[in-house]
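Below: one structure, written as structure tokens.
The values are calculated or read from the model by the stated rules, or taken from the named source; none is laboratory data. Values in this document were obtained by computation on a predicted structure and should not be read as measured data. As a convention, Cβ positions derive from the backbone with ideal geometry for all residues, glycine included, and neighbour counts pool all protein chains shown. The area values use the complete protein model at the heavy-atom level, side chains included, leaving out ligands, DNA and RNA. Shrake-Rupley method; radii C 1.70, N 1.55, O 1.52, S 1.80 Å.
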Amino acid sequence: MSKKRTIILIMAIIPFFSSCSKIYNGLKNILKEVAHEMEEETKKPPFEPLEGYKIIKIERRNLNDWHNYKFPYILMENKEVERKVNALLQMENFGVVFNGPDGSCVDGIDHIVRLSYAGKPTTKFYDDSFSRNLSIKISHTHSDGIETLFYYNFNPKTGDLYHLEDFFNIENYYLFQSKLLGYEVTEEEDLADLSNFEFTQDKIGVRISLSSRFDLTKYSVIKISDIEPLLNDYGRAALITGEGLEKYHTDLPPLLYEGTIGEEPVYYLREHPFIGDPDKLFFRNTGKFGKKNEEVSLLEIPEEREIIPSERDRKNVYFCDSYWYDIQFLIKYIDRERGSKGLKPGDRDYFPHYDYKDFGTDLFCYHVTEDGLEGYYQTPCPSDHEMKVTGFNTNEDAEEDYRYRIEKYGVKPQKYQVKLKKM
């Protein structure tokens, strides 16, 4: 029965029960509740669908069921946004980029993708997009039954990831966190990690995993109408009006860059330097790939060595504009596929084996510019290099690794100037 019909029926029968106060008051209360619900519904903005896009499912069944994976591939009328969104989703989750919606990659890369799903027998994704938000939710259910959710919210006009911090000035961001968390946020250490969030046309939901006031993951919801006065122009465009979204970009990680190292095209995913996953580097032609080592040092620029980045600057990685960033990468290269024994011609190999050449550790050093990243990449990483590295320790193991790689793989030291453009 519709709410309108409920109201009409109650109004029709109220006179018959006016002499019985309990029934009369009960009907009046029901009437008030139904009317309030109808009023709330009329306040909700009408749903505005996102035009010019489609999400298809990449699904591979080359291994046993335990290693199957499904993953979204976004098709958009704006091909530059399509390329950027797909590359960022894939680099974040796999460290590689598919050649297209069929899920094909450089030979052997498919194996890495499947192995990344080990222990995640159920992987689902949900499309919650609307006009102001290309919204993808990815769910991994592990073998122990625990579900992990990741939210990806993209500006549909630029392909940039949305960050809640971009929607406020610093003062109002503290006020926003106070409203969301339910306690006053005045100090930097009180700020919570709000990177895993979703938003609809009228609400923001945040899965909070880092806060000084509680240890466990918490999911908090806040109405956009309650924070509207705190929003800056970008926040109003993303959360309310949708006007001028093509003008806004983010400088907060994760950020994706592309360019070449030598003659080979690469993708580089720059994560937050102090929290989150390690940076990833992928060579598109050869299939070489690597992740950042845990240890990260800063290289001083001589003319600005007196600058000491504040804790707030470190948190927001703005200090990278003034400092070199020294990263040691563990680089691997897929050599060949070796088929399983006993296969006949035409049989499908559900358990292929891939050999990997381990190139050890390479060096990627850069600083941030207005256009992207500038620096150098050296392979093999020398045991010593000409720039001073804070906290860098030369030891016999590093020198032995350096010699071993040259002798075993014939890899001669090469140093490439690097300029990577932010996508």
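Equivalent-ellipsoid semi-axes (√(5λ), Cα gyration tensor) for region 213-270, whole Å, largest first?
So the equivalent ellipsoid measures 34, 21, 8 Å along its semi-axes.
First select every other residue whose beta carbon is under 10 angstrom from the beta carbon of residue 420; then total the charges, Lys and Arg +1, Asp and Glu -1.
Summing Lys/Arg as +1 and Asp/Glu as -1 gives +1.
Are any of the pairs 57/247; 357/412; 157/332 more than 27 Å apart by Cα-Cα distance, and if so, which?
Table pairs above 27 Å Cα-Cα are 57/247; 157/332.
Can you pull the one-decimal nm distance between simple spin-label points at residue 127 and residue 247, each 7 Å off the Cα toward Cβ?
Distance between label points: 3.0 nm.
In nm, to one decimal, how far is the residue 374 label point from the residue 219 one, both placed 7 Å along Cα→Cβ?
Placing both labels 7 Å along Cα→Cβ, they lie 4.7 nm apart.
Within region 164-207, name every residue whose backbone N is under 16 Å away from a label modeled 7 Å from Cα of residue 240 along the Cβ vector.
167-169, 172-173, 176, 200-204
Express in Å², to the nearest 10, the accessible area of residue 233 obtained by rolling a 1.4 Å probe over the protein heavy atoms while all chains stay in place.
110 Å²
What do you reckon, how do 206, 411 stack up by accessible area (1.4 Å probe), largest on top?
Descending order: 411, 206.
State in Å² the accessible area per residue of region 145-245; use a 1.4 Å probe, count heavy atoms of protein chains only, and round to the nearest integer.
Ligands and nucleic acids excluded, the figure is 46 Å² per residue.
For residue 144 and residue 57 in one chain, what is 0.36 nm times their gap in residues minus the Cα-Cα distance, to one decimal in nm?
28.8 nm
Quick one: with all protein chains in place, what share of the accessible area of region 124-232 is carbon or sulfur, to the nearest percent (1.4 Å probe)?
47 percent
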